[in-house]
Amino acid sequence: APERSGTGVHVDPLVTSAWLALFSGYKRWAFFPPDTDPQVIGGPSENSPAVESIRFFSEIYPKLLREGWGGAKKDEENRGKSKYMLEIYQKPGEIVYVPPNWWHVVLNLDDTASIT
């Protein structure tokens, strides 16, 4: 896949899980638990699609960090939903597991070759 491409914030369909093996290049991932409000993290809504991965990491990700995301916390402003975000930098030879119903976004930092 080309550098700066990726997938916007989404949940894999049909309660599936996935394993992604990376052969070349580097990928940047962010994961959010199933109870995360998709609108807060740039996910799809009835009126708009999910934001592109490059926009997520350049605009939404810094905002989430400023708001205290990145650890296991509960917060009333987020209606009691989880504010946990897991970030992964995937290198060639590594395999990433995507749990069912977890929101995630992926950005290809280089040209990549992978298989899911």
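Before moving on, here are some points about what is shown:
- From most to least packed by mean Cβ count within 10 Å, the peptides 101-113, 11-23 give 101-113, 11-23.
- The residues of the chain expose, per residue, 58 Å² of accessible area to a 1.4 Å probe.
- Ordering SER5, LEU65, PRO44 by Cα displacement along the dipole of the chain toward the positive end leaves LEU65 in first place; charges were set at the Cβ atoms of Lys, Arg (+1) and Asp, Glu (-1).
- Value at 222 nm in deg cm²/dmol, rounded to 500, when DSSP H runs of n ≥ 4 in the chain each add -39,500 (n - 2.57): -1000 deg cm²/dmol
- Translational diffusion coefficient (Stokes-Einstein; Kirkwood radius from C-alpha pairs) of the chain at 37 °C, 0.692 mPa s, in µm²/s: 226
- Computed in the context of the full set of protein chains, the accessible area of the chain at 1.4 Å probe radius has 54% of its extent on carbon or sulfur.
- Mean separation of Cα contacts under 8 Å, 6 or more apart, over the residue count of the chain: relative contact order %: 55
The values are calculated or read from the model by the stated rules, or taken from the named source; none is laboratory data. Quick caveat, the model's predicted, so the values are computed rather than measured. Note that we place each Cβ from the backbone using ideal geometry, even for glycine, and neighbour counts take in every protein chain shown. Side chains included, ligands, DNA and RNA excluded: accessible areas come from the protein's heavy atoms. Shrake-Rupley method; radii C 1.70, N 1.55, O 1.52, S 1.80 Å.
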